[in-house]
Structures are given as structure tokens and as C-alpha cells.
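Participant: I'd like to ask some things about the structure below.
The values are calculated or read from the model by the stated rules, or taken from the named source; none is laboratory data. Small disclaimer: the values here were computed from a predicted structure and weren't measured. With ideal geometry, Cβ positions are generated from the backbone for all residues, glycine too; neighbour counts draw on all protein chains shown. Note: accessible area is taken over every heavy atom of the protein model, side chains too, but ligands, DNA and RNA are not part of it. Shrake-Rupley method; radii C 1.70, N 1.55, O 1.52, S 1.80 Å.
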Amino acid sequence: MIISVNWLKQFTDIDVTTSELATLIGARLVELEEVVELSEKYKDVIIVEVVECSKMEDSDHLNVTKINDGGVVEGAERDENGLIQVVCGALNVRSGMLAAWLPPRATVPESFNDSEPFVLSARKLRGRMSNGMLASAKELDLFEDHDGILEIDTAVAPGTLFADVYGLNDQLLDIENKSLTHRPDTFGIIGFAREVAAIQGKAFETPEWLTAAPNYGEIAGDIETPAVTIDTPELSARYQAVVLAGADGSAKSPLEIQTYLSRVGVRPISAIVDVTNYLMMVTGQPLHAFDYDKLIALNNGKADIHVRAGKIGETLELLDGRTVELSDNDIVIANGETAVALAGAMGGSSTQIDDSTKNIILESATFNLYNLRNTQMRHGIFSEAITRFTKGQPAELTAPVLAAAVKLLQESAGAKRVSDVADVISQPASHEPIEVTVERINHTLGSKFSVSDIVDTLQNVEFTVAVNDDNTVVAAIAPYWRADIHIAEDLIEEIGRLNGFDSIEPTLPLRDFTPVSPTDFDTFRKQLRQILVRSGSNEVVTYSFVHGDILENANQKKEDSYRITNSISPALQYYRQTITPSLLQLIHPNIKSGFNDVALFELNKAHNKIHGLNEEGVPGELDFLALTIAHKSKQKQAAYYEAKRYMTSLANMVGIRQLSFEPLHENPGFPVTAPFEFRRSSLVTDSQSGEFIGIVGEYTNSVKKAFKLPDSAAGFEIDPHALLSASRKQEALYTPAARYPSAERDVCYQVSDETTYAAIYAAATSGLVEGVNISVEPLDIYKNDSEATKNITLRYILSPQDKTLQADEVASIIESINSAVKTATSAVIV
């Protein structure tokens, strides 16, 4: 972004050198790339009067002119009347006009930065001496102009320096504006001047036309007021439109406006377009002008403007000649059903202003900055207008800028207002006071500001400030253009910035800097990570943001996720609801890379709408621990049991002796259970405390297919807070290690299809045998598709505490267990 120092001086005094100003701006506002000096480029350009002009003999385009330079150029060859001869080929050269003259030995501004600048001399053209040249706007490095030499539109005496008349003894500040994305006010000269005044310690007063009630002038016609509808209020906070008639589409704006536009990188086009661009650069508020007659021709002679979202498959030809396909993320200006502009970005070619334009409809509006950022990146539009709209222009700015545009268009293009102003506000603005104590300000900044220092600082940038009776509390209301001020910390930062953080005396803080001790949960998380790593799994850390396809592949609903309106990438548009989908998308790439057996886990946060907002009104953070295992080749054991073994081992290592695995009869439809096949999954609960921990199981076939998982894949997802709570509720029990040999027996039970492993396990462990520890492990489940039964094989490990078990004692214990299982499940021993 380019800022003209002379343009700033139109709105505030600058008492320091440009070098000192650049240092202040860099320290207190924004980084500067460079300072460009213009005065050297234009120091030799003289305004002259063309006194005589006659056609050169034997030439179809050259003219011999005599110019009056007021006698200011020394050493120039003059005639008896003191006039200087210059040969000129421009079509518009004539006697009586004022022009810009480059005398001999002057450098042509267009070549000023070339490696070999073009320096003029006195030389003959077709035998006639020509002293220097009468310059065009292009040769003066101002703008492209094919009308000939630049005609001076200000009445000045010949010999006056061109740079003095048009303020080109100027310096340009090249601003690195990425750090100003939160400050839309600074993208206008007035807003930037306000900051320049403040960092010099000066009070700034915004021009009255920008703060007073807008004056649109008298109506000089009876055109029907345009109908305006904001179809989706979220897309536009305010939209204004007015019809102007009798405009001269070929009229040029004053040269002063053209020079200021050109030096900050905006190409002058016509009076109508230049006025909108000029006011945008001055205020930061973009405007757009439509050809009124072309507009209403698209809708049966009516102006029925709608601000709406683009439609899928809809196309629009833009001013730059491109035809773009719109999406529902674009904001469109339509007349009736026909799209005529890509709102905030670029107008459509169907309503373009040209030399034939007589009537215009002028738009002043604000649009949703997040939609426009999406539009900007998708269509590759980086115009001055969209650059400002994507910073979030305030709705209160549209009216005074529209009123100023009506006035300037009347002066420069002869346009008259012929309709009332259509004004639709969909999102009324409010500005609440922010209170902060003087003590807190100084404590935070390490400063010693008095209450008057604070009040003066804020009032310099036009905050409304009040102080309580004992001068201890400041209440400030930010002006409407300061959308970045929301909380007390914003005020404190503003006070420190404007006074200069470098001016604060550095002192050591008095507060306690004792390191914060880890919480119990922090310690527990570290323990969980160590346990899972020792078990052979690998920890990963993935983005909290995911693509919508990831959610759908995991059977989760996108509408249950918070959508990020200004996502850093189209692939990262949603908050993830749980951790499991993030792990599942990593399995196939790892197997493809040659890792046939994969075990990944992540301990991190997720967010979903089902759990709602926290007390601060933001999405609640949920801690999850998820693990996923997968094997490329088929395994003897079902993947469910491997995942269950990881879960059981983890629980045992944190002090939980026994978990309860309850079968699911249907998928509850919660985000955490959505990826799992309910027929091969179970809900996990601590047996002793009853604390619900999570889910373990295999994934649905659709999930396996979507993520390209092998057949052998399973995992769990649990609440680590619940796991910690359950571990704390365990009663301290000590079981000494067995001193005598253990005995193992495998038993196969034939049961009906409806009987679960959990039912058999519960029956097998229901009876206690004094002096013997009994553990149960699943070995095999066999199912013949043609039969209504299945075989489940368990291994019993008997560990005696006081003696070696005899064979008949082992048989007796096993028989007792079998009896309990048969009674509970009607099992048959096979």
C-alpha cells in the first residue's frame, strides 16, 4: 500500500522530517518497506504557456510552437520576444494552452529509474530547432493517456514548477499492510493521517463531511428510487444506492485528483470512475458505479437490486473480460434475477461505465469480509476495493462517502441526483463503553501514565472518553471505524502503542514468576503417552481442522461440526468432532509406505456442536484419547480383541483392575461412536466405580472402504478425564504374586448366536475360589454360517497362593466354572 505524505498533510500537520516520520510509523503503527522521493523526478518540469502554434511545412503531424516559460530557465535559446521554440507532434497542442515542459538537460520522468535515464537536449527536427519537449502524462510517469500532451487545468503563471502546483514534491511511504488487516480505517488517507497525528501527540479532527449527517443535495428529477433487498443479512450489513442523471461519461477528473491517484498506484479512467476511486483512497470505503440504462435494460426497465449469494453454476462476465463461475460463497449484486456484479470485488461488463454513459446508479455498501476473502482467493481478484472490503469496513461509513461522491460527481461529471437514496441496514451497529482502571493500564504496560495522559491519548484518535469522580476508572467508546477495539486489553494496547512502547521505562516486574506446576491431568496425560509408546504404538499430532469429506467418511455429520469461515485452506474448513477420523486417514498412507502393522494414537482436543459452547461463549474443548490399529495381512485373532487388549493394558497400568465391556445393540449416533460397527464394538466402563470411559471396537465397512483400511482394523476412543477419575476411585487391593505353579485349561462352549462373549465372561468370573486367582482370556470364536450357534473358546489360568494344585482340584474348579457358564448361557461343552 502506497501513502502520499503530501496527501496526509491535507488532513494533519506533520512537524517532523520524513525520515523521522517513517521511524515513528515503523515503531508505533506499521512496518515500512521503503520511502520513495518524488521531488527529484519532477524538479525540472516547468508549466509553460503555448503562445504560438503552427504546422511544420513538409510534415503531416509536427507543429512548431513558441512557449513562454516566464524566463525562469537559464541558458535556453530564445527569440526576440523571449519565447522558446519547441517542436511538438501532439494532436491537442494549440496556442493559449498551458502545458508541462521539459527543458534541455532535464531527465524524462518516465525513464527516471532506468539504468540509463533519457536526458533531453536542444536538437533539430527536420531542420527546425526544438528545445526539450512538451510532455504527455505517460512521459511524466503519471498515467497512460493517448490524447497527446498533458494539459494543465489550473490557472498559474508560466514558469511555475509543475511539482509545486500538483504536490509532486512528495514522498511516498510503501507500507507493508499485512499487519493492518485488523485496521480497515488505516486503508484510507484520513484514517492513516489520524494515526500520524496521534503518534506525534496531536489531536485529530475528522473532516466534518465524514462525521456530520450526510447531505445528498437537492433532487433534480423524479426517477423512482431503486428497490434494494438484502436477501441474506449475513452477507451485507448495509447497502445504499442512488441514481444520478446527466453524467458525462467522457469527462475527465481534475488533474490534481488524477495525479494523487496515479502516485498511489490507481489508474485514472474517467471522472465517474476516478471519483469513486479517489474517495476510496481517502476514506477506505469502496464505491461502485453502474450504467443505469444498461442496468435497467436487464430487468424490463426496473432497478430491483438484490444482494444475495451466488448460485451454483451461475456465471458472470467481469470488467476485466473474464467470465467466472460463481459459487454460493460469492456475494452477488443482481438486478432482478440477473447477476450484474461480484460484490466487493469487481463489476460486471454488462453495466460498465463508458464514454456513452449518461445516467448512473451509485452503490455504497459493506459486505461480509469472510465471503470476500474466499472470493478473492478463488477468483484471483486483488483489486484495491476487495483489499479494503476484506478488512471489514464499518456500515456507518457508507452514507457520508456516498454523499461526498454525489457532490464530486456533480462538480466533475455534471451528474445530478434524480432519486431518493435507497438505504437498507440489516445489521444495526452498537458501540458499548469499555471500562479499565488507571492502575491496571500502568500495571500492564509498566508505565506511569496519569489519567490526563490516558484521556489525551485516546481523544487524539477520537475516542469518546469519560472518567469517574475519583479519576481512577476510564470508560472509552471507540469510534465506529475502530472495529478492532473490543476489550480492556485493546484499550491498554492502544495507549501503549500511541505513546510508543519504546518510551516506557524498562523496569523489572514485581509479580511472582514461579513456574506453574503441572496439573494432575497434565501428569496423567504424560503417563498415558508413555504407556502407549511402551506398548508399541506411535503417537501422532494432527490438525484440529479437517475437510468435510473426512467427517462424512467417518459417518459423522458435518452439521455437528463448527465450520471455519476464514479457513487457512479449503481442506481445513471444519473443527473435528473426535480424534478417530484424523487417525483413520493416516492408516492407508502408512501401509502404502511399507508399514504392514500400524498402531497410532493421539491425545488431543476436539470440538462438536452437541456439547455446545462454554461459559465464555466459544466452542467447548473436549479431551480425547484415540488409538487405531491395522494389519495389512489377515490375523488369527479378531482386531477387536487386540484393541481391547490395548485398552485393558492401559487401564491396568493406571491402576484400574477391571473394565466392563458392554455390547451395543445399535449405534447411538454420537460423534464418538459413529465410525464403529456396533455389532463388533462395546462401551467401556470401570467395573468398580461405574465411570463411563469410552468405546472400543472395529469400524463399519463403509468407514473401512472410505479410508481404504485393511480388514483387520480396530481401535478405541476414550475420555482421559474419565479414565483419571476412575483410577482415583480404585480401592487399594494387593494380590501377591503366585508362589506355586499355575495351571491352564482351555474350554470350548457352544452357545446360541445371541449369546455374547461378555455374558460368558461374566458367568465364568462370578464365582471366587479361596486361595486361587483365576484369569480368563479369549482364544477363539468360530461360527459356521449354516448353523445358529457359535463356539467360543476360553483359556482359564489358575494361580494358587498357598499350595500346588492337584489334577482333581483343577478339574473341580473348572467344573464349577463350567456349571456357572451353562446355567447362565445354556452353553454346551464341546
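Participant: When the Debye formula is applied to the Cα atoms of the range 77-188, each taken as the same point scatterer, what base-10 log of I(q)/I(0) results at q = 0.15, 0.23 Å⁻¹?
Facilitator: -0.78, -1.49
Participant: A further question on this structure: Starting from 0.36 nm per residue, how many nanometres of slack lie between N566 and V769 once their C-alpha separation is accounted for?
Facilitator: Full-extension gain reported as 66.7 nm.
Participant: Output the Kirkwood hydrodynamic radius of the chain, Cα pairs only, in Å rounded to one decimal.
Facilitator: Here the Kirkwood hydrodynamic radius works out to 34.0 Å.
Participant: Starting from 0.36 nm per residue, how many nanometres of slack lie between D456 and D808 once their C-alpha separation is accounted for?
Facilitator: Computed gain between D456 and D808 is 117.0 nm.
Participant: Nearest 10 degrees, 0 to 90: what angle lies between the long axis of helix 488-499 and the longest principal axis of the chain (Cα atoms)?
Facilitator: On a 0 to 90 degree scale, this one is about 40.
Participant: Here is a further query. Efficiency by 1/(1 + (r/R0)^6): what FRET value for E439 and L508, r their Cβ-Cβ distance, R0 = 22 Å, to the nearest 0.05?
Facilitator: 0.75
Participant: What list of ³J(HN,Hα) couplings, whole Hz, do you get for the range 111-124 from phi and the Karplus terms 6.51, -1.76, 1.60, once you set θ to phi - 60° and write x for glycine and proline?
Facilitator: So the J values, rounded to whole Hz, are 9, 4, 9, 6, 5, 10, x, 8, 9, 6, 8, 8, 8, 8.
Participant: To the nearest 10 Å², what's F389's accessible area with a 1.4 Å probe?
Facilitator: Accessible area, nearest 10 Å²: 10 Å².
Participant: Could you compute how fast the range 294-428 diffuses translationally, taking Rh as the Kirkwood radius over C-alpha pairs and applying Stokes-Einstein at 10 °C with viscosity 1.306 mPa s? Give it in µm² per second.
Facilitator: 100 µm²/s
Participant: Based on DSSP H runs of at least 4 residues, each adding -39500 (n - 2.57), what is the mean residue ellipticity at 222 nm of the chain after dividing by all its residues, to the nearest 500 deg cm²/dmol?
Facilitator: -8000 deg cm²/dmol
Participant: Can you give the FRET efficiency to the nearest 0.05 for R728 and V516, using r as the Cβ-Cβ distance and R₀ = 22 Å?
Facilitator: Computed FRET efficiency for R728 and V516 comes out at 0.50.
Participant: In Å, what Rg and Dmax follow from the Cα atoms of the range 617-725?
Facilitator: Both quantities, over Cα of the range 617-725: 14.2, 50 Å.
Participant: Follow-up. Suppose each label sits 7 Å from its Cα in the direction of the beta carbon; what would the Q801-D420 distance come out to in nanometres?
Facilitator: Between Q801 and D420, the label points sit 9.3 nm apart.
Participant: Let me check something: with ligands and nucleic acids excluded, how do Y749, Y641, Y782 order by accessible area (1.4 Å probe), largest to smallest?
Facilitator: Y782, Y641, Y749
Participant: Can you list the equivalent-ellipsoid semi-axes of the range 291-351, largest first and in whole Å, using the square root of 5 times each Cα gyration tensor eigenvalue?
Facilitator: Largest first, the range 291-351 gives 18, 13, 9 Å.
Participant: Tell me the carbon and sulfur percent of the accessible area for the chain, rounded to whole percent, probe radius 1.4 Å.
Facilitator: That fraction is 49 percent.
Participant: Roughly how far apart, in whole Å, are the Cα centres of the range 583-632 and the range 18-37?
Facilitator: About 47 Å separates the Cα centre of the range 583-632 from the one of the range 18-37.
Participant: Given Cα pairs under 8 Å that are at least 6 residues apart, what percent is the relative contact order of the chain?
Facilitator: Reported relative contact order: 9 percent.
Participant: Can you divide the C-alpha Rg of the range 716-805 by 2.2 N^0.38 Å and report the result to two decimal places?
Facilitator: The range 716-805 yields a ratio of 1.42.
Participant: Would you tell me the accessible area of R529, worked out with a 1.4 angstrom probe on the heavy atoms of the protein chains, in Å² to the nearest 10?
Facilitator: 70 Å²
Participant: What spacing in nm lies between the two simple spin-label points modelled at L319 and D469, each 7 Å away from Cα in the Cβ direction?
Facilitator: So the two model labels end up 5.8 nm from each other.
Participant: Express in nm, to one decimal, how much length is gained between M129 and R745 on full extension, taking 0.36 nm for each residue of separation and deducting their alpha carbon distance.
Facilitator: Computed gain between M129 and R745 is 209.7 nm.
Participant: Next question, about the same structure. What FRET efficiency, computed as 1/(1 + (r/R0)^6) with R0 = 22 Å and r the Cβ-Cβ distance, is obtained for S39 and E384, rounded to the nearest 0.05?
Facilitator: Efficiency, rounded to the nearest 0.05: 0.30.
Participant: Turning to a different aspect of this structure: For q values of 0.21, 0.25 Å⁻¹, compute log₁₀ I(q)/I(0) with the Debye formula on a Cα-only model of the range 637-680, without solvent.
Facilitator: -0.83, -0.99
Participant: Which value, in Å² rounded to 10, gives the accessible area of S121 with a 1.4 Å probe and all protein chains present?
Facilitator: Only protein atoms counted, so the area is about 60 Å².
Participant: Can you tell me the relative contact order of the range 642-717? Whole percent, Cα pairs under 8 Å, sequence separation 6 or more.
Facilitator: 29 percent
Participant: Any chance you could give the angle, 0 to 90 degrees and rounded to 10, that helix 271-283 forms with the longest Cα principal axis of the chain?
Facilitator: 60 degrees
Participant: Leaving out ligands and nucleic acids, note down the accessible area per residue over the chain with a 1.4 angstrom probe, in whole Å².
Facilitator: So the chain comes to 48 Å² accessible per residue, rounded to a whole number.
Participant: Continuing with this model, one more query. Quick check: pseudo-label points 7 Å beyond the Cα along Cα→Cβ at R105 and K55, how many nm apart are they?
Facilitator: 3.7 nm
Participant: Using the Cα gyration tensor of the range 553-666, with a ≥ b ≥ c the square roots of its eigenvalues, what is the shape: rounded (a/c below 1.5), prolate (a/b larger than b/c) or oblate (neither)?
Facilitator: It is oblate, given that a/c is not under 1.5 and a/b is not larger than b/c.
Participant: Another question about this same structure. Provide T756, T186 ordered by accessible surface of protein heavy atoms (probe 1.4 Å), highest first.
Facilitator: Listed by decreasing accessible area, they come as T756, T186.
Participant: Could you put M133, M653, M647 in order of accessible surface area, largest first, with the 1.4 Å probe and the full protein assembly present?
Facilitator: In descending accessible area the options line up as M653, M133, M647.
Participant: What is the helix-to-structure angle for 369-379, meaning the angle in degrees between its Cα long axis and the longest Cα principal axis of the chain, kept from 0 to 90 and rounded to the nearest 10?
Facilitator: 80 degrees
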